[in-house]
Amino acid sequence: MWRESCAKSTSGNINTSRQIHIDQHSEILENTGGKTALTIKALIEKQHIDQDLSQEVAVRLYLDEGDATAAVDLTTPQTLKENLSVLKKDQGGNLPQFTETMVEEVRKALDYGELDEVVSTGFKLKITRKDISTLCNYSWLNDEVINFYMCLIMERSKEAYFPGVYAFNTFFYLKLHTGGYQTVKQWTKGVDLFEKDLILVPVHLGVHWCLTVADLRKKLILHFDSMGQWNDDVCWTLLRYLQEESRNKKGHQLDSSKWVLRSMRSHEVPQQLNGSDCGVFVCKYADYIARDEKITFTQHDIPYFRMKMVWEILHKKLL
């Protein structure tokens, strides 16, 4: 059962007042291996692990939108045209406009071709046409796309006017949650986390992506969920990890009494209105947070963000 924290937001994004209580340990679902939404739902019910999802979230995840994991093979010329059309519209605000050349580059990446063709490499990662096709239509993003995007955020953070960022890959939290600190203590070999400003942790709950962020400048850990779920336990798991990391790498104890932990509420951060966009929300939460920007996008912006992410991954550069 989720407990409401004692902490309350005072500015809509970051400021908080009191430390939260620890929830029960949340279950981490096993990788579903591309099963259909109906199969996933049956698996959850069979294993009795759907306590991580509220009734409302479960309904939204299993909206009858087709198989979100299979859209890679279903991109028709008309569907591709509809996806690309958002790039030709005036986005307004600070969102970059796409040239015809940029639109054509995105089209070629998403058009028919060998699914195992590598379309981008970097950060010791390879993105295939199959991977990048998860950004089309209502597909669920896979680990490869999210990990590549987190690396792009880290790369951008090397510029002088951005906060220093370290992003763990999508397998970190599962390993930490199930095996404890000893199983991941080598993951930061050669990296001093305490020299960073922000630590980003994508969290996968079987059929749902969310994001946990540690702000070392403010001694603050926040959990962001585009379906409004509270998962304070993830925050505590990350804090305990930082305590162990401090003892192991720095030789001293991290004073947890100075830290504030909380799950962001649904009215504080953008929420998805379907069962397929959580991965994109995680990437964009991370993007805005890593720029110290207020998170102002909405579900309306997601189709544009999907196509923008294709171009960014192709060019290994955030716009």
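The values are calculated or read from the model by the stated rules, or taken from the named source; none is laboratory data. This one's a predicted model, so the numbers in the text were calculated from it and none came from an experiment. As a convention, Cβ positions derive from the backbone with ideal geometry for all residues, glycine included, and neighbour counts pool all protein chains shown. Just so you know, the surface numbers come from the protein's heavy atoms only, side chains and all, with ligands and any DNA or RNA stripped out. Shrake-Rupley method; radii C 1.70, N 1.55, O 1.52, S 1.80 Å.
Of note:
- Lone unmet requirement of (1) in a helix (DSSP H, G or I); (2) more than 16 Å from HIS208 (Cα to Cα); (3) under 18 Å from the mean Cα position of the chain (by Cα) for SER257: (3)
- Residue match in segment 85-98 (condition: under 20 Å from PHE297 (Cβ atoms), of a type in the set (Gly, Ala, Ser), open to solvent by 20 Å² or more (accessible area, probe 1.4 Å) and not in a loop (DSSP other than H, G, I, E, B)): yes
- The residues of segment 234-253 that are farther than 17 Å from LEU222 by Cβ, open to solvent by less than 30 Å² (accessible area, probe 1.4 Å) and either at pLDDT below 95 or in contact with a His (Cβ under 9 Å, 6 or more places away or on another chain) (or both) amount to a single one, SER246.
- Residue within segment 173-190 that is of a type outside the set (Phe, Trp, Tyr) and within 30 Å of LYS81 (Cα to Cα) present: no
- Taking segment 103-122 as the range and being out of contact with any Lys or Arg (no Cβ under 8 Å at 6 or more places or on another chain), within 21 Å of VAL86 (Cβ to Cβ) and not in a helix (DSSP H, G or I) as the test, the residues that pass are ASP111, TYR112.
- For segment 123-151, filtering for residues that are open to solvent by 20 Å² or more (accessible area, probe 1.4 Å) and not in a helix (DSSP H, G or I) leaves 9.
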